[in-house]
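The values are calculated or read from the model by the stated rules, or taken from the named source; none is laboratory data. As the structure is a computational prediction, the values presented were derived from the model and not from experiment. Note that each Cβ is placed from the backbone with ideal geometry, even for glycine, and that neighbours are counted across all protein chains shown.
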Amino acid sequence: MKYGLRFLPVVQGDAVAAAQWYDDKREGLGDQFLAQFYGAASGILHNPMIYRVVEDDIRRCLLARFPYSIYFTIEEQTVLIVALFHCARDPGQISEAVRTRPRG
């Protein structure tokens, strides 16, 4: 099955904010973060079912180089990226956010 990819608008903002933080630490690191994030998001499309379900219908993909996780759901033939969180965040806050974010 071929899947489309969609991001909640808040996720794009979170990715840019994280990239800015990394760029403040070392120039160019933010671009590397974004490349890893968008590469991982695109990689999910190959076989989204291999990722573990962590909350209701939400699955998680860990970034390889950076301590971030992509949270997504599958809606018909679309992978919807609902969240991007640093792995050090409180799991309860992450759980609450991925369950309650409007998916419209």
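At a glance:
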{"quantity": "Among the candidates VAL16, VAL98, residue that is touching a residue at least 24 places away in the same chain (Cβ under 8 Å) and not in a loop (DSSP other than H, G, I, E, B)", "calculated": "VAL98"}
{"quantity": "Check on ILE81, hydrophobic (A, V, I, L, M, F, W, C) and surrounded by 13 or more Cβ atoms within 10 Å (Cβ to Cβ)", "calculated": "yes"}
{"quantity": "Test: residue in the stretch 68-77 that is at pLDDT below 95, under 24 Å from GLY4 (Cβ atoms), polar (S, T, N, Q) and touching a Gly at 6+ places or on another chain (Cβ under 9 Å)", "calculated": "yes"}
{"quantity": "Residue list for the stretch 37-90, restricted to those being among the hydrophobic types (A, V, I, L, M, F, W, C) and in a loop (DSSP other than H, G, I, E, B)", "calculated": "LEU45, LEU63, ALA64, PHE66, CYS87, ALA88"}
{"quantity": "Every pair of residues 6+ apart whose Cβ atoms lie under 8 Å, when the first sits in the stretch 27-40 and is more than 14 Å from GLN12 (Cα to Cα) while the second is aromatic (Phe, Trp, Tyr)", "calculated": "LEU29/TYR22; GLN32/TYR22"}
{"quantity": "Of all residues making up the stretch 41-53, the number that are farther than 17 Å from MET1 by Cβ and without any contact (Cβ under 8 Å) to a residue 40 or more places away in the chain", "calculated": "2"}
{"quantity": "Criterion violated by VAL54 - all others in (1) touching a Phe, Trp or Tyr at 6+ places or on another chain (Cβ under 9 Å); (2) modelled with pLDDT of 95 or more; (3) among the β-branched types (Val, Ile, Thr) satisfied", "calculated": "(2)"}
{"quantity": "Search result, residues across the stretch 25-56 that are under 23 Å from GLU96 (Cβ atoms), surrounded by fewer than 13 Cβ atoms within 10 Å (Cβ to Cβ) and aliphatic (A, V, I, L, M)", "calculated": "VAL53"}
{"quantity": "PHE33 vs. criteria closer than 19 Å to ILE94 by Cβ, assigned to a helix (DSSP H, G or I), at pLDDT 95 or above and touching a Lys or Arg at 6+ places or on another chain (Cβ under 9 Å)", "calculated": "yes"}
